[in-house]
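Okay, structure first, notes after.
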Amino acid sequence: MVVPWGGVSCCLSAAALYLLGRSSGRDADILKSVTRVNQLKDLAQLLDSAYKVLPVVVAISGRVGSDTPINCEYSGLRGVIVEETAEQHFLKHNDAGSWIQDSALMLSMCKEVPWYLDDGTSRVNVIGARGATGLVLTVGSEVFEESGRSLVRGTLDYLQGLKMLGVKRIERVLPTGTPLTVVGEAVKDDIGTIRMQKPHKGPFYVSHKTIDQLIANLGRWARVLAAAAKRSSKEEEGSNGVSENGSDNSKKDRTMPDLCVICLEQEYNSVFVPCGHMCCCMACSSHLTNCPLCRRRIEQVVKTFRH
């Protein structure tokens, strides 16, 4: 597969790339200014001393815990957020009369129990983590159950133009004991319980990365998008990559790294089917159910080899 200079920039206009880069840079600056709480036991005192300047946006770290964890059915893990999907995979006839592989979502469900971060000094409840940026669930189990074969089933498949292959079940989990960093608004209720939640303004992160890694990645992403916006703008000014003086602009300024939009560390090398976007590495793609660009459901991930 031959892909234009960027899996992200080929899908977005220069203006959109500029705004995304500006947003990433703004988030990086905000994260630099948030209060870092080294021990969770200090958070209560911080909130008491800052009651006149609420809300308080802080960065905390700890390990995931819960008084009522979920026992995962397939992986055997204990988690606080569990997502289960089941997809029916099959072959079908296309207009040309050939068999092509396709899939259909049969089941999609999510369970979540009250949970907290614990660093050994105290506990802080986390609310609304599924809506935060940076949350990645672990693939606890991925099983493919082949469809049974019989004469009757084969005849029905032939008449319908389908051949059932089987069901793919995936279980994604946020396991207990997972180290996380949370950046958000800290709130203490009347009985002294502290929780972290999405601020009314500003970023909300729940991530496996440290606060310094988040800042570094956002800064890198802002620079990448700024370069992409500049390049996209230049290419839009030309016609099919050719400038007014006849030079080929498509061969210039190819220094922008083709980074995965999730980890910002590895080069992207996977294509999402059916939307066709290529913006993530295979490792991050394995944790996704929707394309991060268009939010369309991912039915299949195809690894590509780029040169």
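The values are calculated or read from the model by the stated rules, or taken from the named source; none is laboratory data. Predicted model only: the values in this text are computed from it and were never measured. All Cβ positions, glycine included, derive from the backbone under ideal geometry; neighbour counts span all protein chains shown.
Here are the numbers:
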quantity	calculated
Segment 261-306, subset part of a strand (DSSP E or B) and in contact with a Phe, Trp or Tyr (Cβ under 7 Å, 6 or more places away or on another chain), residue surrounded by the most Cβ atoms within 10 Å (Cβ to Cβ)	CYS280
Failed item in (1) in contact (Cβ under 8 Å) with a residue 60 or more places away in the chain; (2) crowded, with 19+ Cβ neighbours inside 10 Å, with LYS188 passing the rest	(2)
Tabulated pairs, segment 114-142, first closer than 21 Å to ALA44 by Cβ, second of a type in the set (Ser, Thr, Tyr) and part of a strand (DSSP E or B), C-beta under 8 angstrom, 6+ apart or interchain	LEU117/SER61; ASP119/SER61; ARG123/TYR116; VAL124/TYR116; ASN125/TYR116; VAL126/TYR116
Residue list for segment 105-121, restricted to those being farther than 19 Å from PRO69 by Cβ and out of contact with any Asp or Glu (no Cβ under 7 Å at 6 or more places or on another chain)	SER108, THR121
Near pairs, Cβ below 9 angstrom, 6+ apart or cross-chain, from segment 157-168 (more than 15 Å from GLY97 (Cβ to Cβ)) to any residue that is at pLDDT below 80 and assigned to a helix (DSSP H, G or I)	MET164/ARG153; MET164/ASP157
Subset tally (residues that are surrounded by 12 or more Cβ atoms within 10 Å (Cβ to Cβ) and in a strand (DSSP E or B)) for segment 86-126	25
Criterion: under 21 Å from LEU40 (Cβ atoms) and either outside any strand (DSSP E or B) or in contact (Cβ under 8 Å) with a residue 40 or more places away in the chain (or both) - qualifying residue of VAL82, VAL57	VAL57
Flag if VAL113 is modelled with pLDDT of 90 or more and not assigned by TED's automatic domain parsing to the domain that holds ARG297	yes
